[in-house]
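Below: one structure, written as structure tokens.
The values are calculated or read from the model by the stated rules, or taken from the named source; none is laboratory data. If you're wondering where the values come from, they're calculated on a predicted model, not measured in any experiment. A quick note on method: Cβ atoms are made from the backbone with ideal geometry, for glycine too, and the neighbour counts reach across all protein chains shown. Areas reflect the complete protein model, heavy atoms only, side chains present, ligands, DNA and RNA absent. Shrake-Rupley method; radii C 1.70, N 1.55, O 1.52, S 1.80 Å.
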Amino acid sequence: MRYISLFSGIGGLESESAPPVLCCEIDEDARIVLGRRFKNTDLHDDVETLTPPKVDVVVAGWPCQDISKAGMQSGLKGIRSSLFFQIIRIVNESKAHTVVLENVPNLLDINKGEDFKTVLDELESIGLSYCSWRLINALELGVPQDRNRIFVVASRIKNIALALHREIKPPKRPSRIEEGKKVLSFYWTASARSLCLREDFVPTLKVGAPSHKGGISPVAVCYDKKVRKLTVKENLGFQGFHDMNAFEGIKRGSALRMAGNAVCAPVGQFAVDSIFHTDSVSSTRMYQSSRDIVPPDGYREKKQLWKVVHEKYHCPEQILEYLDETDDLLSNQACAGLCCRIIRTGTIVPSVLFEALYEQSRERTKLLGTKINSFEILDSELDGPAYLESLRDIEKKNDAQMMLF
């Protein structure tokens, strides 16, 4: 299979059997990484000036800034996300029989579903008459990250499109970590009510700050009574990138930004390599759907929509296997600020998390980047120990109710 990758980032949307013959990526640091990962792959820097070679397949995880719920919601009319139409041009010029696309789940809903219908119509207009789409969470492929993305496979060949709906069999690997050890993870830069607190897997990795501020990842983990930020290596590992040699010399902020924007490699590989599993479509459960209702997992042929039913199994590997030993704790100031937000909003969090945050906030440090003195507020206005006891009381009552039940 000869294929090209558009909006490649650092990769992730590739086949296990072969690298792309060409990658197109505008970010200079990402092109450095791609050059190290795929030494015999041609690199191009601008999708709008690309004249593609003839290939079998095009893969593309195009920009989501105008589609994401966290963005401006301008959809395919937005400056970044409108680059989808460059994919249509390149697929047509390359004579590819199949395209594999990736984006955020809101693609299904934005502009009341009209943008997704545009995607389907544009693909059909260039002869890709058979189209499947599917929401896949990285948890389903064994990765301990709650990352849900939509994948689209459109093709001139019916069974290639349908093969996206093949069964997912998460890898079963023996854990070297003892059972019962829990890891909590959350967005440490978020408000207390939007921590996205998770146990034994991390929330979606994303860019946590503007690029001019370093794009620092917002995810922190709590275990062994300590709270710390994820390292660069860990962020990349949760996206399926384990060869750190490809990132040698790349600045921390840039590496974190690229990790947050990447396609989770095991999931991307599943989507691309579905092309080789056309014999697996017979077990797909499909039901005709209304033309006005686009299902989250579906298939379209000759304007007729089909709903596809999948069993969703989340079987992530042991999260501690993805974590390193490091003493890079969350700053005392950040811990104090988060304690203040939790108490003021009355947010119920596990007592072990609040206790770790509170203990790390006990030593005052010089305030950085803010005029709000969270240390002073926590000492003089709020009662941390009392709030900790209230959390413990809640946990005791819940345990008692579970025992009675």
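Checked against the criterion of being surrounded by fewer than 23 Cβ atoms within 10 Å (Cβ to Cβ), without any contact (Cβ under 8 Å) to a residue 60 or more places away in the chain, of a type in the set (Asp, Glu) and part of a loop (DSSP other than H, G, I, E, B), the range 121-135 has no qualifying residue. Scanning the range 16-36 for residues that are open to solvent by 10 Å² or more (accessible area, probe 1.4 Å) and not in a helix (DSSP H, G or I) yields 16, 17, 18, 19, 21, 22, 25, 26, 27.
Within the range 278-290, is there a residue that is within 22 Å of residue 203 (Cβ to Cβ) and without any contact (Cβ under 8 Å) to a residue 40 or more places away in the chain? Explain how you work it out, then say what you get.
Looking only at the range 278-290, we keep the residues that are within 22 Å of residue 203 (Cβ to Cβ), and these are none.
No - not one qualifying residue is present in the range 278-290.
Would you confirm whether or not the range 313-333 contains a residue that is more than 30 Å from residue 244 (Cα to Cα), without any contact (Cβ under 8 Å) to a residue 40 or more places away in the chain and either within 30 Å of the chain's Cα centre (by Cα) or open to solvent by 20 Å² or more (accessible area, probe 1.4 Å) (or both)? Looking for residues that are more than 30 Å from residue 244 (Cα to Cα), without any contact (Cβ under 8 Å) to a residue 40 or more places away in the chain and either within 30 Å of the chain's Cα centre (by Cα) or open to solvent by 20 Å² or more (accessible area, probe 1.4 Å) (or both), one finds none in the range 313-333, hence no. Would you check if residue 254 is under 29 Å from residue 163 (Cβ atoms), out of contact with any Phe, Trp or Tyr (no Cβ under 8 Å at 6 or more places or on another chain), of a type in the set (Gly, Ala, Ser) and not in a strand (DSSP E or B)? Against the criterion (under 29 Å from residue 163 (Cβ atoms), out of contact with any Phe, Trp or Tyr (no Cβ under 8 Å at 6 or more places or on another chain), of a type in the set (Gly, Ala, Ser) and not in a strand (DSSP E or B)), residue 254 does not qualify.
Residues in the range 348-385 that are open to solvent by 50 Å² or more (accessible area, probe 1.4 Å) and not polar (S, T, N, Q): 18 in all. When we screen 289, 280 for residues that are in contact with a Pro (Cβ under 7 Å, 6 or more places away or on another chain), at pLDDT below 90, under 28 Å from residue 146 (Cβ atoms) and of a type outside the set (Asp, Glu), the only hit is 289.
Of the helices (runs of 4 or more DSSP H) lying entirely inside the range 351-405, those containing at least 2 residues that are more than 17 Å from residue 336 (Cα to Cα) and either modelled with pLDDT of 90 or more or touching a Lys or Arg at 6+ places or on another chain (Cβ under 6 Å) (or both) span 384-404.
Of the residues making up the range 285-304, just one is of a type in the set (Ser, Thr, Tyr), farther than 16 Å from residue 128 by Cα and open to solvent by less than 30 Å² (accessible area, probe 1.4 Å), namely 289.
Could you go through the range 339-347 and let me know if any residue there is more than 24 Å from the chain's Cα centre (by Cα), exposed (fewer than 15 other Cβ atoms within 10 Å of the Cβ) and not polar (S, T, N, Q). Within the range 339-347 (the criterion being more than 24 Å from the chain's Cα centre (by Cα), exposed (fewer than 15 other Cβ atoms within 10 Å of the Cβ) and not polar (S, T, N, Q)), the answer is yes, since at least one residue qualifies.
Set side by side, the residues 91, 59, 55 differ, and just one is under 30 Å from residue 243 (Cα atoms), open to solvent by less than 40 Å² (accessible area, probe 1.4 Å) and not in a loop (DSSP other than H, G, I, E, B), which is 59.
Consider residue 247 carefully, then state whether it is in contact with a strand residue (DSSP E or B) (Cβ under 9 Å, 6 or more places away or on another chain) and of a type in the set (Phe, Trp, Tyr). In short, no.
Within the set 69, 39, the sole residue that is within 22 Å of the chain's Cα centre (by Cα) and open to solvent by 70 Å² or more (accessible area, probe 1.4 Å) turns out to be 69.
Set side by side, the residues 160, 168 differ, and just one is outside any loop (DSSP other than H, G, I, E, B), open to solvent by less than 40 Å² (accessible area, probe 1.4 Å) and hydrophobic (A, V, I, L, M, F, W, C), which is 160. Residues in the range 42-52 that are outside any helix (DSSP H, G or I) and either over 23 Å from residue 161 (Cβ atoms) or open to solvent by 50 Å² or more (accessible area, probe 1.4 Å) (or both): 7 in all. Restricting the range 192-215 to residues that are at pLDDT 85 or above and hydroxyl-bearing (Ser, Thr, Tyr), the residue that is farthest from the chain's Cα centre (by Cα) is 194. Only one of (1) touching a Lys or Arg at 6+ places or on another chain (Cβ under 7 Å); (2) of a type outside the set (Asp, Glu); (3) open to solvent by less than 10 Å² (accessible area, probe 1.4 Å); (4) farther than 17 Å from residue 6 by Cα fails for residue 151. Which number is that? Condition (4) is where residue 151 drops out. If the condition is being surrounded by fewer than 24 Cβ atoms within 10 Å (Cβ to Cβ) and at pLDDT 95 or above, then the range 256-270 contributes 265, 266, 269, 270. Residue pairs whose Cβ atoms lie under 7 Å apart, sitting 6 or more positions apart in sequence or on different chains, and linking a residue in the range 46-74 that is on the phi > 0 side of the Ramachandran plot to a partner that is open to solvent by 40 Å² or more (accessible area, probe 1.4 Å) and modelled with pLDDT of 95 or more, do not occur here.
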